[in-house]
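So the structure is just underneath, and the comments pick up after that.
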Amino acid sequence: MSLNPGKRQMRLPVILFLFFVSGAWSGLAMAHALLERSDPAPGAVLGNAPAAVTVFFDAELEPAFSKLIVKNQQGVKVSQDNGDTASAGPKSLTVKLSTRAKGVYRVYWDVVSRDGHRASGDFTFTVQ
């Protein structure tokens with residue numbers, strides 16, 4: 001017994017829809033590394049300047065393609081390098097600061113997770 005031509009025509013759009021939805025879900029599983037926390041925290045107001053800044057992500061990073069830069073309120077880079085994953089683990093970057101003056105600091109991160117996705121962002125903290 002053959003299928004009704006109307007039902008056969010409806011199957012193709014349904015199959016295509018299911019194929020598209022399954023592909024979209026698998027793409028979500030390979031999402032960008034998301035910032036989980038940092039030390040100091042975004043928006044923190046500190047009495048003493050930290051010796052280093054560490055950012056923690058929800059995925060392992062590719063160190064060769066990831067960087068963490070800290071600038072002072074004049075826009076001058078005060079981090080000593082581009083970030084090290086060895087200090088706090090493969091899901092983090094740490095940089096030492098070359099100055100410990102009072103002021104507002106902006107932390108910029110640009111990372112590539114092990115699955116190849118790039119993510120970036122920034123936040124500030126203040127030393128009083």
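Structural remarks
- Residues (touching a residue at least 24 places away in the same chain (Cβ under 8 Å) and small (G, A, S)) located in segment 90-115: S92, A101, G103, S113
- Residue pairs meeting the criteria (Cβ under 6 Å; at least 6 apart or on separate chains; first at pLDDT below 95, in segment 29-58; second surrounded by 14 or more Cβ atoms within 10 Å (Cβ to Cβ) and in a strand (DSSP E or B)): H32/A119; A33/F57; A33/V111; A33/S113; A33/A119; A49/V127
- Of the residues screened, R100 is one that is exposed (fewer than 13 other Cβ atoms within 10 Å of the Cβ) and either in the same structural domain as G75 (by TED's automatic domain parsing) or among the aliphatic types (A, V, I, L, M) (or both).
- Flag if D84 is at pLDDT 95 or above and acidic (D, E): no
The values are calculated or read from the model by the stated rules, or taken from the named source; none is laboratory data. As the structure is a computational prediction, the values presented were derived from the model and not from experiment. We place every Cβ from the backbone using ideal geometry, glycine too, and count neighbours over all the protein chains shown.
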